1. Just the accessible area per residue of the stretch 358-406, please: how many Å² with a 1.4 Å probe?
2. Please compute the net charge surrounding S125, taking Lys and Arg as +1 and Asp and Glu as -1 over other residues with Cβ under 12 Å from its Cβ.
3. Report the net charge of residues surrounding L271, where surrounding means a beta-carbon distance below 13 angstrom and charges are Lys +1, Arg +1, Asp -1, Glu -1.
4. With θ set to phi - 60°, apply the Karplus curve 6.51 cos²θ - 1.76 cosθ + 1.60 along the stretch 98-104 and write out the HN-Hα couplings as whole Hz, x wherever there is a Gly or Pro.
5. Accessible area of the stretch 55-179 with a 1.4 Å probe: how many percent of it is carbon plus sulfur?
6. Please compute the net charge surrounding L217, taking Lys and Arg as +1 and Asp and Glu as -1 over other residues with Cβ under 11 Å from its Cβ.
7. Determine, for each peptide in 376-388, 266-278, 341-353, the mean count of other beta carbons within 10 angstrom over its residues, then list the peptides with the highest first.
8. What does the highest-first list of 96-109, 284-297, 309-322 look like by mean Cβ count within 10 Å?
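The values are calculated or read from the model by the stated rules, or taken from the named source; none is laboratory data. The shown structure was predicted, so the numbers you read here are calculated from the model rather than taken from an experiment. When we count neighbours, we look across all protein chains shown, and the Cβ atoms used for this are built from the backbone with ideal geometry, even at glycine. Note: areas computed on protein heavy atoms with side chains; ligands, DNA, RNA excluded. Shrake-Rupley method; radii C 1.70, N 1.55, O 1.52, S 1.80 Å.
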Amino acid sequence: MLRWTTRAAFAIVLATPAATYAQDSRTATLEKLRAEKAAAVQPYRPGKIEKALLFIEREDPLRKIAPHNGFFVEYGYSGRPVGSGIGASVGYRHDLFDRRARVDVEAGATLRRYRMVRADFSLPSLAAGRLELGVEGIDRHNPQEDYYGLGAASLDSNRVSFLFDHRTVEGRAVVKPGGGLRAGVRFGRANTAVGGGRDARFPSIEELFDDATAAGLARQPDFSYQDLFATLDRRDQPGNPRAGGYVGVNWRHYSDRDFDRYSFRVLDADLQHFFPIFDKKRVFALRGRLISTTAGAGQLVPFYSQPTLGGSDSLRSVRDYRFRDKNVLALNAEYRWEAFSGLDMALFTDFGKVASRTEDLNLRSLERAYGIGFRFNTYRSVFLRIDVALAGLDTPRLFIKFSKAF
């Protein structure tokens with residue numbers, strides 16, 4: 001027994017250096033592989049197309065006609081309605097008192113005779129940049145707005161146009177505590193006017209609809225309004241997000257100052273989230289938006305203030321403003337991937353529904369769309385978006401936009 005134990009101990013002593021050597025060899029091999037991998041990894045380098053787009057973003061070669069301060073000329077104009085056509089604006093903007101105040105004046109028009117005049121004065125950096133106060137006035141002339149009737153059963157053949165003039169003066173107070181959070185209040189006065197449409201391709205609204213089928217068509221009051229809003233923006237790049245999320249909630253109350261007939265409330269909730277895969281070159285993007293209007297007893301929501309569904313940012317299988325009612329639900333999902341530097345592609349699907357009652361705004365009988373998209377971009381923003389959408393066996397619908405989907 002003693003002889004066997006001695007032999008075993010002697011064998012273990014002889015084997016120990018060999019085992020230690022083998023372990024050291026494996027460790028050295030792993031360290032060498034890690035070093036080779038680290039040396040092979042190269043920092044991200046944009047391609048030629050993305051370099052050109054980044055140059056435009058960084059150097060802004062058009063700054064001489066659209067400077068941060070001074071007179072400017074720009075494509076389109078602030079808040080230009082979808083479908084208003086090609087347009088441009090001119091204006092003047094300038095920081096005052098060492099950037100403690102800012103003035104912005106702008107006027108724009110489009111080939112379809114839409115017009116806008118806007119003036120804004122703000123104190124953007126009060127309380128160490130955590131508080132903004134401002135006042136803004138806007139006068140809009142929209143002569144060719146679309147209306148198909150109310151509800152999901154409205155007919156495409158009933159498309160008409162109407163004129164919508166809208167003037168507002170409002171004040172605002174915005175708190176910016178940091179971390180992507182903004183919250184505030186707005187209050188103002190609005191004057192609206194509705195008339196016959198100027199789009200020669202379609203009948204004017206009064207030819208097919210009346211005040212019973214388009215509430216507020218016969219007469220339009222002046223409104224006063226107040227709202228509360230809050231947004232939380234945790235997206236990595238708001239202009240072209242690949243990670244993070246966004247939440248926005250806005251509640252507004254309109255008071256009819258003339259007829260005591262058209263007072264109503266609007267709730268708008270927008271939720272977005274972006275799930276990156278590995279190096280953010282592949283992203284799942286999700287969005288849900290709910291817009292709900294309510295009116296008290298004896299009150300109506302004017303047709304021109306009711307939310308709509310359809311178009312490039314909600315339901316891409318139908319035209320802009322195709323469906324309209326008191327309540328709208330829109331759901332969007334996209335899988336985006338980098339085809340090559342400067343071009344992302346996307347597979348998308350949209351779902352949506354309109355309803356006159358909030359309780360009917362469920363997930364049954366949703367309108368739908370699916371398709372493919374092309375997005376010319378840098379990592380910071382989307383310059384051009386092309387979406388081709390289908391719904392069932394319908395004719396494909398093409399959207400070309402100079403902005404991201406969401």
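1. Values: 2910 Å² over 49 residues.
Heavy-atom SASA per residue in the stretch 358-406 reads 59 Å².
2. Overall, the nearby charge balance is +2.
3. Around L271, the surrounding residues sum to +1.
4. Whole-Hz 3J(HN,Hα) from phi for the stretch 98-104: 6, 6, 7, 9, 8, 10, 9.
5. Working: 4100 of 6640 Å².
Whole-percent figure for carbon plus sulfur exposure: 62.
6. -2
7. Listed from highest to lowest mean packing, they are 341-353, 376-388, 266-278.
8. Per-residue mean Cβ counts within 10 Å order the peptides as 309-322, 284-297, 96-109.
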